[in-house]
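Peer 1: I have a structure I would like to understand better, so I am pasting it below and will then ask my questions one at a time.
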Amino acid sequence: MLPDDIREAQFRQLAHLLTHAFGKIEHWAIKLRRAGFQPGRKITPDQFAAVPILTRKDVQRLNNALMSPDVPRGHGRVSKAQTSGSTGTPISFCTTDLTQHFWRALTLREHLWQQRDFSGSLASIRSNVERSQASNWGTATSGVVETGPAYALNIREDIGVQLNWLMEMNPDYLLTHPSNLKALARRAEETGISWPNLRQLRTFGEVLPDSTRELCKRVWEVDIADVYSSEEAGYIALQCELGAYHIQSENLLVEIVDDDGEPAKPGTIGRVLITTLHNFAMPLLRYEIGDYAEFDGPCACGRGLPVIRRIMGRSRNMLRLPDGTEHWPSFPEDRWAGIAPIRQLQVVQKRLDRIVLKIDSERPLERNEKLNLIRVFQTILCFPHEIDIEEVASIPRTRNSKYEDFISELS
């Protein structure tokens, strides 16, 4: 489909969703009436832009007031769930059989886009699973296509245990978080461990750094297919065979706006807003998911779906300076990895003028190594203020088993 046709189809579906929200949910009835929306009629882009942005704190505060008392019969059962709170603000949300159907369909689409061999085996190292084996890749493929076996392991297992398990299972495809994959690749490079069947790596749940792609390519000679998603909205963007992140426009409408709520200018990073087009149980309209990203032009693959050029991660991961400015904290590994034998590093902003480098290293750091690290990070973070080093035995993951390389503790 052409981009204009996709946009028109989105706004047709949006009109159905807003009519339902207007009639069933008082909060949205008030907001939509003020924006000039009339039930049963089309909504214009200007009217939709006048709908106030919904923040995570709004969802947390309003909670049941955003839930519809009922959904159209064809949408099936309603289920409640809760995010794991990787932004520090966990929220409750609802899904329906229909939204789960879209999740399964888009999972299958991602397999097809990546041209995976369904006869191969798939391993997942993630949270909320135990060591197990199944005869099929999961609900997205079950009853649709025959696949090879699927294996699962909890991500909290030691990296050495994970690698030994992967050698034993010898899967064709591996799905895990980028930070966990990085740790696996590093350990594999150190020990020479590999498994011959590996064809492709899959990541989700965190921003995937280019350095991790390069590391895995060097160690295992395979590529990574990344997925941009959220627990409350499902798939947001999938990578095509050329590596572009295509927004899943059949499922949701994505906006990228600046700090004033206006559409971000081409080539600039902005806040990601999503509208779930088929969730009539708990419509999320212009919902600020907490990420920053940048739109891109059409992809050479020929798909008409919009493209995201860069996904920058959570807004809580912005570095703020005493003068009031803020920027993305970029600290490429090649700028500091050679200074000391560092296994893992996390940057924590404690105050506007103080940062702590939490470092898990192979041995205690020497004084000159600490001084060099401080100088390097003052330069690459554009932070000519206080930087302290805290040596730790390990750096814990968040409650949902993700790893944050930068954390801001500022309010």
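The values are calculated or read from the model by the stated rules, or taken from the named source; none is laboratory data. Fair warning: this is a prediction, and the values are worked out from it, not measured in the lab. Note that each Cβ is placed from the backbone with ideal geometry, even for glycine, and that neighbours are counted across all protein chains shown. Surface accessibility is based on the protein's heavy atoms, side chains included, excluding ligands, DNA and RNA. Shrake-Rupley method; radii C 1.70, N 1.55, O 1.52, S 1.80 Å.
Peer 1: So which of PHE280, PHE331 is in a loop (DSSP other than H, G, I, E, B), farther than 25 Å from LEU357 by Cβ and open to solvent by less than 30 Å² (accessible area, probe 1.4 Å)?
Peer 2: PHE280
Peer 1: Does the stretch 173-209 hold any residues that are under 13 Å from the mean Cα position of the chain (by Cα) and open to solvent by less than 10 Å² (accessible area, probe 1.4 Å), and which are they?
Peer 2: Passing the criteria: THR176, HIS177, PRO178, THR203.
Peer 1: Check ARG116 against each of (1) assigned to a helix (DSSP H, G or I); (2) touching a residue at least 40 places away in the same chain (Cβ under 8 Å); (3) open to solvent by less than 20 Å² (accessible area, probe 1.4 Å); (4) within 23 Å of HIS246 (Cα to Cα) and name the one condition it does not meet.
Peer 2: ARG116 satisfies all of (1) assigned to a helix (DSSP H, G or I); (2) touching a residue at least 40 places away in the same chain (Cβ under 8 Å); (3) open to solvent by less than 20 Å² (accessible area, probe 1.4 Å); (4) within 23 Å of HIS246 (Cα to Cα) except (1).
Peer 1: Give the residue, chosen from ASP58, ASP46, that is open to solvent by 40 Å² or more (accessible area, probe 1.4 Å) and either not aliphatic (A, V, I, L, M) or not in a helix (DSSP H, G or I) (or both).
Peer 2: From the options ASP58, ASP46, the qualifying one is ASP46.
Peer 1: Would you mention how many residues in the stretch 119-156 are of a type in the set (Val, Ile, Thr), surrounded by fewer than 17 Cβ atoms within 10 Å (Cβ to Cβ) and under 30 Å from PRO396 (Cβ atoms)?
Peer 2: 1
Peer 1: Same structure again: What tally of residues in the stretch 12-37 results from selecting those that are open to solvent by 60 Å² or more (accessible area, probe 1.4 Å) and under 29 Å from the mean Cα position of the chain (by Cα)?
Peer 2: 2
Peer 1: Something else about it: Does any residue of the stretch 289-298 turn out to be open to solvent by less than 20 Å² (accessible area, probe 1.4 Å), over 15 Å from the mean Cα position of the chain (by Cα), among the aliphatic types (A, V, I, L, M) and more than 30 Å from PRO72 (Cα to Cα)?
Peer 2: No - not one qualifying residue is present in the stretch 289-298.
Peer 1: Let me ask you something else. Among the residues that make up the stretch 90-109, is at least one of them part of a loop (DSSP other than H, G, I, E, B), in contact (Cβ under 8 Å) with a residue 24 or more places away in the chain and buried (at least 19 other Cβ atoms within 10 Å of the Cβ)?
Peer 2: yes
Peer 1: State whether the residues of the stretch 237-244 include one that is open to solvent by less than 20 Å² (accessible area, probe 1.4 Å), touching a strand residue (DSSP E or B) at 6+ places or on another chain (Cβ under 9 Å) and free of Cβ contacts under 8 Å to residues at least 60 places away in the same chain.
Peer 2: no
Peer 1: Something else about it: Condition check: assigned to a strand (DSSP E or B), farther than 16 Å from ARG309 by Cβ and among the small types (Gly, Ala, Ser). Does ALA225 satisfy that?
Peer 2: Considered against the rule, which asks whether it is assigned to a strand (DSSP E or B), farther than 16 Å from ARG309 by Cβ and among the small types (Gly, Ala, Ser), ALA225 comes out as yes.
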